[in-house]
1. Looking for whichever is within 14 Å of another protein chain (Cβ to nearest Cβ), at pLDDT 85 or above and either within 9 Å of DNA strand C (Cβ to nearest atom) or over 14 Å from the mean Cα position of the chain (by Cα) (or both) here; the options are B:Ile30, B:Ile40, B:Ile61. Which one fits?
2. Among the numbered conditions (1) closer than 30 Å to A:Ala89 by Cβ; (2) within 16 Å of DNA strand C (Cβ to nearest atom), tell me where B:Glu81 comes up short.
3. Any residue in region B:105-112 that is at the interface with chain A (Cβ under 7 Å from one of its Cβ atoms) and either hydrophobic (A, V, I, L, M, F, W, C) or within 14 Å of the chain's Cα centre (by Cα) (or both)?
4. Within the group A:Leu121, A:Leu84, which residue is open to solvent by 70 Å² or more (accessible area, probe 1.4 Å), facing chain B (nearest Cβ under 10 Å), aliphatic (A, V, I, L, M) and touching a residue at least 12 places away in the same chain (Cβ under 8 Å)?
5. Quick one: A:Lys53 ticks every box in (1) under 24 Å from B:Leu4 (Cα atoms); (2) away from ligand 1 (no atom under 16 Å from the Cβ) except a single one, so which number is it?
6. If I ask for residues that are within 16 Å of DNA strand D (Cβ to nearest atom) and part of a helix (DSSP H, G or I), which ones from region B:105-123 would you list?
7. Out of curiosity, is A:Leu18 surrounded by 15 or more Cβ atoms within 10 Å (Cβ to Cβ), closer than 19 Å to A:Asp138 by Cα, within 14 Å of chain B (Cβ to nearest Cβ) and within 13 Å of DNA strand D (Cβ to nearest atom)?
8. If you take the residues in region B:87-102 that are within 16 Å of DNA strand D (Cβ to nearest atom) and facing another protein chain (nearest Cβ under 9 Å), which one is nearest to the chain's Cα centre (by Cα)?
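The values are calculated or read from the model by the stated rules, or taken from the named source; none is laboratory data. Just so it is clear, the model here is predicted, and its values are computed rather than measured. Don't worry about glycine lacking a Cβ; one is built from the backbone with ideal geometry, like all the others, and counts go over all protein chains shown. When the accessible area is computed, the model is the full protein with side chains, heavy atoms only, and any ligands, DNA or RNA have been set aside. Shrake-Rupley method; radii C 1.70, N 1.55, O 1.52, S 1.80 Å.
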There are 2 protein chains.
Amino acid sequence: MIRLSTKGRYGTRLMVSLAQHYHNRRESIILKKISDEEEISIRYLEQIIIPLKIARLVKSIRGAGGGYILARDPSNIKLREILLALEGACCLVECVDDEDYCDRIKECATYEIWKNASSLLKDYFENTTLQDLVEIADKKNPSVRK
Amino acid sequence: MIRLSTKGRYGTRLMVSLAQHYHNRRESIILKKISDEEEISIRYLEQIIIPLKIARLVKSIRGAGGGYILARDPSNIKLREILLALEGACCLVECVDDEDYCDRIKECATYEIWKNASSLLKDYFENTTLQDLVEIADKKNPSVRK
DNA sequence: AGAATTCTTATAAATTTATGTTGAAAAATA
DNA sequence: TATTTTTCAACATAAATTTATAAGAATTCT
Ligand code: FES
Ligand code: FES
């Protein structure tokens, strides 16, 4: 029930990859590498990273030796920011964020429910940072040194 | 961020409508009426109600004077059951419910996050009944007597 | 100049969303 | 019981969106 789009999923994994590489030397990473590691089409990654760039969560460096790099420290990037950039502001149903979307809000009983449920997610994602994700990854794969 | 499909939204509103009509005489309701009240295409409602019927949440009565009616008392139908019937068992990402869906669960850091977030929603919807929704609707529209 | 990499645009496949058309089953009625 | 009405059921189709891939241009480094 209720689906996170592939954009949101792949984009988050992309950000985790960038964060995992962030600690040593802060070198930029090329998408090709992430594409290989995460087994996601590079063409699709190119589309997905655009909104992340627009939201100033990643910086791009063009040309040879270029690539992508996080714009801030992973501990300073909230999961909510990532999903906001990738999926837009809509929470479960559009009317939660855009009161003009449905013209039935005044009568609609489900509105309150979707709104509450959206808040649960929002709060959870607000309190999860990219650093938390990196730590989970490290715990799951203690041997991997990227 | 993260979207509930129209199937889930309209289907839930459909169930609320049925619940609102359930109290008096338990008469069956024709889809046309719900279509008019909720401004949803009747053809689309016909598609949406099929999984609800399969899940035995509603019963259909054919022929003249027929229509649809809730299979159980609204206080005995959980929102989670409704969404499960409409959207399937997948919670945010498929791998949460189907461990074979992704073959990266062992390494994937985001898995735990989507799983926790899914649990938040699941618990909320598990503890919300159709009766709760009807009461919200009544509170919002005290004058309406259907 | 040449290689590496992002950036841009195009396009195709799959899925979701929504409507239309026709037919079959059940109940009411005469 | 035959007829008619009401309603669900099934199938087909079209538009919109999401998902994914392809090809080439632009930029930067060496
Ligand atoms: S779904 Fe938007 S107001 Fe009910
Ligand atoms: S999204 Fe399924 S394991 Fe990471």
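1. Details: B:Ile30 fails: within 14 Å of another protein chain (Cβ to nearest Cβ); B:Ile61 fails: within 14 Å of another protein chain (Cβ to nearest Cβ).
Being within 14 Å of another protein chain (Cβ to nearest Cβ), at pLDDT 85 or above and either within 9 Å of DNA strand C (Cβ to nearest atom) or over 14 Å from the mean Cα position of the chain (by Cα) (or both) holds for just one of B:Ile30, B:Ile40, B:Ile61, which is B:Ile40.
2. (2)
3. For region B:105-112, residues at the interface with chain A (Cβ under 7 Å from one of its Cβ atoms) and either hydrophobic (A, V, I, L, M, F, W, C) or within 14 Å of the chain's Cα centre (by Cα) (or both): present.
4. Working: A:Leu121 fails: open to solvent by 70 Å² or more (accessible area, probe 1.4 Å).
Result of the check over A:Leu121, A:Leu84: A:Leu84.
5. Failing condition for A:Lys53: (1).
6. Matches in region B:105-123: B:Thr110, B:Trp114.
7. Details: surrounded by 15 or more Cβ atoms within 10 Å (Cβ to Cβ): yes; closer than 19 Å to A:Asp138 by Cα: yes; within 14 Å of chain B (Cβ to nearest Cβ): yes; within 13 Å of DNA strand D (Cβ to nearest atom): no.
Taking the combined requirement at face value, the residue does not satisfy it.
8. First, pick out the residues of region B:87-102 that are within 16 Å of DNA strand D (Cβ to nearest atom): B:87-88, B:90-96, B:98, B:101-102.
The next check asks that each one be facing another protein chain (nearest Cβ under 9 Å); those that pass are B:87-88, B:90-94.
Working: B:Glu87: 9, B:Gly88: 11, B:Cys90: 14, B:Cys91: 15, B:Leu92: 16, B:Val93: 19, B:Glu94: 19 Å.
The selected residue is B:Glu87.
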